[in-house]
């Protein structure tokens with residue numbers, strides 16, 4: 001088990017789609033590499049080359065790994081970089097065969113030859129590995145290797161962890177058992193314990209402001225995704241569905257912004273079918289945006305970015321959750337469940353299959369919703385266990401290496417399972433449960449170790465080899 005100090009802002013990161021481990025992680029690794037060579041003198045650099053290994057090589061094109069690495073080498077920030085400029089910037093670099101390293105040093109750089117996809121090579125520590133090779137004008141040559149270990153977390157070779165630096169938290173939590181004990185000792189709910197830990201890094205006001213910023217990005221992503229139609233990029237010809245579903249559900253009503261749109265959603269009688277359709281629409285919207293290289297929040301990954309926002313907006317729209325403090329507490333609780341899985345298992349589909357992405361996100365959302373609806377700590381942890389238990393063994397088999405089929409629909413399933421798990425837990429007595437959250441975390445990790453590599457984000461098995469590329473009717 002990994003001993004790390006993980007913040008809510010480690011689990012939830014603002015970035016660019018389509019993948020946290022294959023896009024955001026390599027982007028952040030490139031930024032770290034640029035900072036590293038600045039100490040040696042960026043003005044002395046003659047040439048830079050990038051080697052992609054394992055899963056990063058096999059599905060890197062579909063996930064935009066090469067694009068992310070190049071933008072990172074340019075010193076661009078995935079949090080703030082204008083996503084509308086991604087394509088023209090890469091086209092310019094490709095045509096001119098020149099890269100502005102860290103925004104300070106113009107270098108000859110050809111993406112075709114200087115980003116190398118090593119399809120048959122993997123490094124031992126983790127399937128998502130990349131090495132930066134750099135030569136200087138004094139003859140020195142260096143190589144730095146980084147591992148993108150899931151959820152946008154990056155570890156340099158020789159490092160451990162990947163969280164917000166090790167600090168001594170008032171309530172160190174490695175397992176759900178420790179979390180439950182902390183809640184007993186303090187009388188706080190899960191979100192309350194998380195807030196106490198967060199205050200080790202920043203003030204309570206800063207935590208709240210930061211979490212609300214995360215929600216604003218999530219919310220804007222849902223709204224944007226519900227109002228953009230067309231075909232997703234990548235060649236699979238996948239039609240965006242959130243747009244049409246939103247139009248059908250809105251049924252001609254007018255609005256001008258998110259707040260008015262939410263009011264329209266809430267104005268209709270919340271039948272089971274109506275609610276179910278909206279939850280699916282919310283989740284589809286996020287992951288269609290993610291597949292379009294748009295701005296999303298890892299939750300805990302990009303491939304699973306739609307589950308937590310969809311369940312949170314369900315809580316806001318249909319459960320009287322439209323309150324800043326309730327939203328903050330929801331995301332704090334969700335983050336802690338993600339942290340427990342990060343420490344006890346993995347958030348990487350390349351390591352554990354899709355159970356590590358959709359399964360974890362569903363578990364996070366289930367616990368958060370349960371606490372938000374007045375459930376006890378035990379019921380929240382029970383909900384998290386139920387949600388993951390029914391994702392165990394879920395493979396990662398993206399068609400064409402794209403985060404589209406079956407990834408986008410899986411977010412709708414993860415959201416619905418989270419809500420169902422929450423309702424089951426709220427109507428149950430946790431004292432009679434036979435399986436704990438820690439049991440299911442351990443089981444998930446053992447399942448990950450046993451899973452065939454074909455089903456770990458390689459596009460070499462499952463649905464990935466069933467659909468002829470370019471001919472999908474999804």
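The values are calculated or read from the model by the stated rules, or taken from the named source; none is laboratory data. If you're wondering where the values come from, they're calculated on a predicted model, not measured in any experiment. Glycine gets a Cβ as well: all are built from the backbone with ideal geometry, and neighbour counts include every protein chain shown.
Please work out if residue 409 is in contact with a strand residue (DSSP E or B) (Cβ under 7 Å, 6 or more places away or on another chain) and over 30 Å from residue 187 (Cβ atoms). Spell out how you get there, then give the answer.
Numbers: in contact with a strand residue (DSSP E or B) (Cβ under 7 Å, 6 or more places away or on another chain): no; over 30 Å from residue 187 (Cβ atoms): yes.
No; evaluated as a whole, the condition is false for this residue.
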Touching a residue at least 60 places away in the same chain (Cβ under 8 Å) and within 30 Å of residue 61 (Cα to Cα) - does that describe any residue in region 375-392? no
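Would you say residue 416 is buried (at least 24 other Cβ atoms within 10 Å of the Cβ) and touching a residue at least 24 places away in the same chain (Cβ under 8 Å)?
Working: buried (at least 24 other Cβ atoms within 10 Å of the Cβ): no; touching a residue at least 24 places away in the same chain (Cβ under 8 Å): yes.
No.
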Being more than 23 Å from residue 420 (Cβ to Cβ) and surrounded by fewer than 22 Cβ atoms within 10 Å (Cβ to Cβ) is the requirement here; does residue 293 meet it? yes
How about region 95-142: which strands (runs of 3 or more DSSP E) wholly inside it have at least 3 residues that are closer than 30 Å to residue 457 by Cβ? 115-118, 128-136
Among the numbered criteria (1) farther than 25 Å from residue 441 by Cα; (2) in contact with a helix residue (DSSP H, G or I) (Cβ under 9 Å, 6 or more places away or on another chain), which one does residue 205 miss? (2)
Hits in region 10-38 - residues which are assigned to a helix (DSSP H, G or I), touching a helix residue (DSSP H, G or I) at 6+ places or on another chain (Cβ under 6 Å) and surrounded by fewer than 24 Cβ atoms within 10 Å (Cβ to Cβ): 31
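Rundown of residues vs (1) in a strand (DSSP E or B); (2) in contact with a strand residue (DSSP E or B) (Cβ under 7 Å, 6 or more places away or on another chain); (3) closer than 21 Å to residue 13 by Cβ, yes/no style:
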position	(1), (2), (3)
148	yes, yes, yes
159	no, no, yes
168	no, no, no
178	no, no, no
181	no, no, no
197	no, no, yes
208	no, no, yes
212	no, no, yes
Look through 41, 60 and report the one residue that is modelled with pLDDT under 95 and in contact with a helix residue (DSSP H, G or I) (Cβ under 8 Å, 6 or more places away or on another chain). 60
